[in-house]
Number of protein chains: 2
Amino acid sequence: MTSSNKGPRLEKLLKALREEKGFVSGERLGEKLGLTRASIWKMVKKLKEKGYTIASKPKMGYALLREPEALNELAIREGLSCTFFGKKVHIAQEVNSTNTWAFEEALKGAEEGEVFLAEAQTHGKGRLGRVWFSPPHRNIYMSLILRPKLPPRKVPLLGLLASLAVAEVLKHSYGLNPFLKWPNDVLVKGKKICGILAEAYGEAEMTSFVVLGIGINVNVKRMDLPAELQEIATSLAEELGHEVSRNELVKKVLEAFEPLYLDLGLGKEKELLDRYKAYFHMEGSEVLVEEFGHVIEGVVEGLDEEGALILRTLQGPKKVFAGDVRVKKWANSW
Amino acid sequence: MTSSNKGPRLEKLLKALREEKGFVSGERLGEKLGLTRASIWKMVKKLKEKGYTIASKPKMGYALLREPEALNELAIREGLSCTFFGKKVHIAQEVNSTNTWAFEEALKGAEEGEVFLAEAQTHGKGRLGRVWFSPPHRNIYMSLILRPKLPPRKVPLLGLLASLAVAEVLKHSYGLNPFLKWPNDVLVKGKKICGILAEAYGEAEMTSFVVLGIGINVNVKRMDLPAELQEIATSLAEELGHEVSRNELVKKVLEAFEPLYLDLGLGKEKELLDRYKAYFHMEGSEVLVEEFGHVIEGVVEGLDEEGALILRTLQGPKKVFAGDVRVKKWANSW
């Protein structure tokens, strides 16, 4: 049996599950579909991976509790209160990375505000060449094309503002208490819920475009995270106790980010950084920063007027413009 | 007759010209090759475009004076005193743009120091989306891959240093008196002889690679320039009165640029900018700068410690990090 036949078989199983009011045994499903119980079990696992919530109980069998919400362009664009973010929304079932996809489209001329979303990423990218864990159908993998009239020195602010937009949405629309880890991680109770990857292209003095990738852990369960992430990552569903509409969340993030982006273009950096600081509580924390291969140890003093991290080190004050920050000891709790 | 047959016909004409000690009439060449005098005349024109120096005199005919030097990897690499610039030298007959070519290769993993050269560019790129005039076989169209450990704010310095490298070569190896027009044009007697296009790719805070394009007008004749360039561009051959080996010049530029690049990595910005200033004589010049759509009028005061241009304007002092500089009135002459 080739994998191209699996689709229709999964469809048939779904149909059979939908027809039942409650639990149905694997044996009965097998009879209906002309398959073994073992095959049914494997296919149920596949449906779960695709985001279907299926309960399974010994002796009772399976019950379809909830069908997944697919990413949907209309659901995102309907009533979207943006002027140019999301004017085009591209959705793919699977890509290597939405940032790579959007980058290629930007090189071909895709416009500012176009959004690229995928249900799954085979090579999700994190900052500094890292992998971004990208299980299918559960989370948001979104890349936005920006063509800011900004010198490269100000481009890092875009990542800060994107993380601020996500933090404001998590707080005001979902009642969470997010925390910004410089430069642009969003944490909840010390665990990462969102990461930002901004990739820029342009002449040395003048950025041509930025692809802003936003990865948000939405409905993934902690137990479905790889072991090494279980203690350091979380999701909206984990924190809220219920699943969240990804289309709704995409819409809210676009609506929150666009005005911040426009304000940056108007030179309102100070106000924007003040808003960022409302979620930034790293002052006093002991950190290790790896910047261009050098490790700097220090205590966070704050942010400068360009969004750089100011450290107090044994060698005196030091500004960090880029790099990887590991917090040895948080000064504030969440 | 298709164009694919022209190659062998040109080869035959070249062979015939090489066999002659002096001038040979178009008529005799035509008889030898079984072609009309008009065809011979057209083919001679083609050979000239390819860089052959062919004298033509009424009644005497044609004489092959000099064959063009082809770009040659061995000639460039032999005795090249660099540690990693030019460790690979790629040469193409024709590309759209060496920067686009090198950029694609860098995305695929080409290493720092790899050099991409072409005999011709069909879409040579200048700064700010402009076209770079790229006649075949006469000039240098070179792109170098750099993977600097620099924050984006310092990347513009690479263009400044590349132009400095070219200026130092023009002065010390060719006896010219070059002049740097900020940010990275090299002028001789007020006319452009070299332009630099640095294209960068990376995360917002950390550059992944820079493709540094260096275009040098080497053996092109002023009369072969488009009308709109004749008053504002020049070439080494025009200034020196004789042709110059492109392979030699490529080698010298790589040898001059590598130590500057290494010094930048060591943080010697101040010394490097002092060397740049030795060729920068814009102080006091009246300029118009277009930066992100705004036009600023001012008088050049100098350069700051990061290589930005400092202007005195009616609204007070102003730093320019990027943009297009038009000089209304030069304060210094060359």
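Just one of the listed residues (A:Gly26, A:Gly113) is over 21 Å from B:Glu203 (Cα atoms), in contact with a Lys or Arg (Cβ under 9 Å, 6 or more places away or on another chain) and of a type outside the set (A, V, I, L, M), and it is A:Gly26. Comparison of B:Ala118, B:Ala63 shows that the only residue that is under 21 Å from B:Ala233 (Cβ atoms) and either modelled with pLDDT under 90 or of a type outside the set (Asp, Glu) (or both) is B:Ala118. Whether a residue is within 13 Å of A:Leu254 (Cα to Cα), of a type outside the set (S, T, N, Q) and in contact (Cβ under 8 Å) with a residue 24 or more places away in the chain was assessed, and A:Phe85 passes this test.
Residue by residue, here is whether (1) among the hydrophobic types (A, V, I, L, M, F, W, C); (2) assigned to a helix (DSSP H, G or I); (3) more than 14 Å from chain B (Cβ to nearest Cβ) holds:
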{"position": "A:Leu128", "(1), (2), (3)": "yes, yes, no"}
{"position": "A:His137", "(1), (2), (3)": "no, no, yes"}
{"position": "A:Ser143", "(1), (2), (3)": "no, no, no"}
{"position": "A:Lys149", "(1), (2), (3)": "no, no, no"}
{"position": "A:Ala165", "(1), (2), (3)": "yes, yes, yes"}
{"position": "A:Val169", "(1), (2), (3)": "yes, yes, yes"}
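Given (1) crowded, with 19+ Cβ neighbours inside 10 Å; (2) more than 14 Å from chain A (Cβ to nearest Cβ); (3) at pLDDT 95 or above, where does B:Asn177 come up short, assuming only one miss? If we test B:Asn177 against (1) crowded, with 19+ Cβ neighbours inside 10 Å; (2) more than 14 Å from chain A (Cβ to nearest Cβ); (3) at pLDDT 95 or above, just (1) comes out false. Could you go through segment A:271-284 and let me know if any residue there is within 30 Å of B:His294 (Cα to Cα), of a type in the set (A, V, I, L, M) and in the same structural domain as A:Phe84 (by TED's automatic domain parsing). Yes, there is a match, as at least one residue in segment A:271-284 is within 30 Å of B:His294 (Cα to Cα), of a type in the set (A, V, I, L, M) and in the same structural domain as A:Phe84 (by TED's automatic domain parsing). The set of residues in segment B:194-251 that are among the hydroxyl-bearing types (Ser, Thr, Tyr), surrounded by fewer than 24 Cβ atoms within 10 Å (Cβ to Cβ) and within 12 Å of chain A (Cβ to nearest Cβ) comprises B:Tyr201, B:Ser208.
Take segment A:103-126 and flag every residue that is within 14 Å of chain B (Cβ to nearest Cβ), surrounded by fewer than 23 Cβ atoms within 10 Å (Cβ to Cβ) and aliphatic (A, V, I, L, M). Answer for segment A:103-126, where residues must be within 14 Å of chain B (Cβ to nearest Cβ), surrounded by fewer than 23 Cβ atoms within 10 Å (Cβ to Cβ) and aliphatic (A, V, I, L, M): just A:Leu107. Per the conditions (1) closer than 21 Å to B:Gly265 by Cα; (2) surrounded by fewer than 23 Cβ atoms within 10 Å (Cβ to Cβ); (3) not small (Gly, Ala, Ser), the sole criterion not satisfied by B:Asn184 is (2). Pull up segment A:262-297, narrow it to residues that are touching a strand residue (DSSP E or B) at 6+ places or on another chain (Cβ under 8 Å) and among the charged types (D, E, K, R), then point me to the one that is surrounded by the most Cβ atoms within 10 Å (Cβ to Cβ). By that ranking, first place goes to A:Glu291.
Condition check for A:Glu290 on (1) closer than 19 Å to A:Gly195 by Cβ; (2) at pLDDT 95 or above; (3) acidic (Asp, Glu); (4) not assigned by TED's automatic domain parsing to the domain that holds A:Thr100: one failure, at (2).
Cβ separations smaller than 6 Å between residues 6+ apart or across chains give the following pairs from segment A:115-141 residues that are assigned by TED's automatic domain parsing to the domain that holds A:Lys87 and touching a residue at least 12 places away in the same chain (Cβ under 8 Å) to residues that are assigned to a strand (DSSP E or B) and of a type in the set (D, E, K, R): A:Ala120/A:Glu94; A:Leu128/A:Asp324; A:Trp132/A:Lys125; A:Pro136/A:Glu119; A:His137/A:Glu119.
The values are calculated or read from the model by the stated rules, or taken from the named source; none is laboratory data. Just so it is clear, the structure is predicted and the values come from calculations on it, not from any experiment. Virtual Cβ from ideal backbone geometry, glycine too; neighbours counted across all protein chains shown.
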